[in-house]
Amino acid sequence: MDLLATVDWSRAQFALTAMYHWLFVPLTIGLALIVAVMETIYFRTRDERWKGLTKFWMTLFGINFAIGVATGLILEFEFGTNWSNYSWFVGDIFGAPLAIEGIFAFFLEATFVAVMFFGWKKVSPGFHLAATWLTAFGVALSAWWILVANAWMQYPVGMEFDPDQMRNVMTDFSAVALSPVAVNKFFHAVFSTWTLAGVFVAGVSAWMLWRRRNIEASKLSLRVGSWVGLAGIVLTLWTGDGSAVNVARVQPMKLAAMEGLYDGKIGQELVGFGILNTDKRPGDDQPAMYGEVSIPYGLSVLANHDAKSFVPGINDLIKGISLTSEGDTVNTVSYAERIEMGRTARKALALYDEARKAGDEGAAAEALDLLKENYRYFGYGYFEDPADAVPPVALTFYSFRVMVVTGGYLLLLFIALIFVCYRKPGFLERKWLHWLCIASIPLVWICSQAGWVLAEVGRQPWTIQDLLPVQAAVSAIPSDNVVITFCLFAVLFTLLLAAEISIMLRYISRKSKNDIMA
């Protein structure tokens, strides 16, 4: 078996599935909130126009919800088919939040989504409103448990390694479920879905305004979408600051890659603009950046909320060097030392297994102590060179900037839309504004996908930070098998996406010819 090919194709297949899945998930979560807000307005005012608007956006939510479920199921199956070593190594921990998501959160949303769609004339208005809000809560709760599982991969806590089972076992469920990385990741992701759904609603409403159809309905929808989107982007930026602090604390190599930073310093600037030198390698003398324009002290403030703090670069981390705010050198564990500790941990595990099988309790106890002493850097034992632990710098660097630039644009867009809606309503007739909103629909998805690329590519080469690299997590299957399923999934997901877009466009076009609010 060609291990490297299997690893690369398994990563590509998982990335393909995850990115397609994330095309549907944020719209589902965000639209659920917008639908609930619209129905709340209807419930409070008893204005039938809002009931019509609620049903219109609810149908679009339902179309997207159905497609998202299909891709999500495939994504979870891939942990067993393509990443069986990973699943065995952490199954007791990683599987718990996914099981809770399936048993509790998914059934919650699945139960009340039926009432939401088919209960208009069968239940009271209050119960129907409660079902709509519980559906919105359910889809967000599903995201909570999935993001808990993902956050644990970035920051493994609440567990210990059991050498008898050759796997990690959970010791503290609350540490896993409520880790600062998990909490911040959840709110950052959910708030970003509000932004995405707000842009979607604004874009569809602008299209109807451009076609001179359902003008009143479009203006009302545009207002709701803009307020939800503005709240979403402001809160996303706020939680993004928390994400930077968490990354600096638990994944400093990811932060260094985000900035293309090789040699850090006290009062580190933030790259505002620059062209990355893709030929740059750790330890060489080449410049890291061309045409750099930086914000003084920016990265120190972003990472540590301290303008005079030290932010380590890639070379610093590899060498195990840090600095105090006074400029004093502090030696940490270098990557070369981590590799040796990882190899020692792997050897100790093998010795423990042999001693246990031979019934030599003394040797087993000695090997176990050695394993515990070095287990923290177990995963580094799979590397040949410290540079193997450096993520793809270029992709991490540029995905961060795509996310930030498009996020800044979306903030300005929502501020402008709310200003126009309330202060300059005549601008809602301008075609350039219509096309600006329509063009923003693909941009918000690019922003959302860039965020996930940053989170996952920046974590490479780890499936579990410091404990299990991708080459040790993959299933022992021929790469040809993965290539075949990759191609099949690529075709299937593209067809599903095309079908969803087609169904949505046909529904929007058909409904826009009639009075949506009737």
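Beta carbons closer than 7 Å, at least 6 apart along the sequence or on distinct chains, pair a first residue in the range 198-222 that is free of Cβ contacts under 8 Å to residues at least 12 places away in the same chain with a second that is in a helix (DSSP H, G or I) for ILE215/LEU209. Exactly one residue among LYS51, LYS55 is in a helix (DSSP H, G or I), closer than 22 Å to THR195 by Cα and open to solvent by 40 Å² or more (accessible area, probe 1.4 Å), and that residue is LYS55. Taking the conditions (1) in contact with a helix residue (DSSP H, G or I) (Cβ under 7 Å, 6 or more places away or on another chain); (2) modelled with pLDDT under 95; (3) at negative phi in turn, ASN214 satisfies each one other than (3).
Filtering the range 58-77 to residues that are modelled with pLDDT of 80 or more and open to solvent by less than 10 Å² (accessible area, probe 1.4 Å) leaves MET58, LEU60, PHE61, ASN64. Consider the range 89-106 and keep the residues that are open to solvent by less than 30 Å² (accessible area, probe 1.4 Å) and of a type in the set (Phe, Trp, Tyr). The one that is farthest from VAL139 (Cα to Cα) is PHE89. Selection of the range 151-191 for residues being polar (S, T, N, Q) and either assigned to a helix (DSSP H, G or I) or surrounded by fewer than 17 Cβ atoms within 10 Å (Cβ to Cβ) (or both) yields GLN154, GLN165, THR171, SER174, ASN184. Within the range 348-374, residues that are without any contact (Cβ under 8 Å) to a residue 60 or more places away in the chain sit with their Cβ atoms under 8 Å from residues that are surrounded by 15 or more Cβ atoms within 10 Å (Cβ to Cβ) and of a type in the set (Ser, Thr, Tyr), at 6+ positions apart or across chains, in these pairs: ALA364/TYR352; ALA367/TYR352; LEU370/THR344; ASN374/THR344. Residues in the range 285-300 that are outside any strand (DSSP E or B), open to solvent by less than 70 Å² (accessible area, probe 1.4 Å) and out of contact with any Ser or Thr (no Cβ under 8 Å at 6 or more places or on another chain): how many? Qualifying residue count for the region: 4.
With within 33 Å of the chain's Cα centre (by Cα) and open to solvent by 90 Å² or more (accessible area, probe 1.4 Å) as the only criterion, which of GLU366, GLU340 stands out?
Exactly one residue qualifies, and that residue is GLU340.
Within the range 116-139, the residues that satisfy the criterion of being in a helix (DSSP H, G or I) and open to solvent by 20 Å² or more (accessible area, probe 1.4 Å) are PHE117, PHE118, PRO125, GLY126, PHE127, LEU129, ALA130, TRP133, LEU134, PHE137. When you scan the range 265-276, how many residues do you find that are within 27 Å of the chain's Cα centre (by Cα) and buried (at least 17 other Cβ atoms within 10 Å of the Cβ)? Counting residues in the range 265-276 that are within 27 Å of the chain's Cα centre (by Cα) and buried (at least 17 other Cβ atoms within 10 Å of the Cβ) gives 6. Quick check on the range 218-235. Is at least one of its residues polar (S, T, N, Q), modelled with pLDDT under 90 and surrounded by 24 or more Cβ atoms within 10 Å (Cβ to Cβ)? Checked against the condition, which is being polar (S, T, N, Q), modelled with pLDDT under 90 and surrounded by 24 or more Cβ atoms within 10 Å (Cβ to Cβ), the range 218-235 yields at least one hit.
For the range 454-466, the condition holds for at least one residue, the condition being that it is at positive phi and not hydrophobic (A, V, I, L, M, F, W, C).
The values are calculated or read from the model by the stated rules, or taken from the named source; none is laboratory data. It should be emphasised that the depicted structure is a prediction, and the values quoted were computed from it without experimental measurement. Here Cβ is always computed from backbone atoms with ideal geometry, including for glycine, and neighbour counts include all displayed protein chains. Heavy atoms of the whole protein, side chains included, go into the accessibility calculation; ligands, DNA and RNA do not. Shrake-Rupley method; radii C 1.70, N 1.55, O 1.52, S 1.80 Å.
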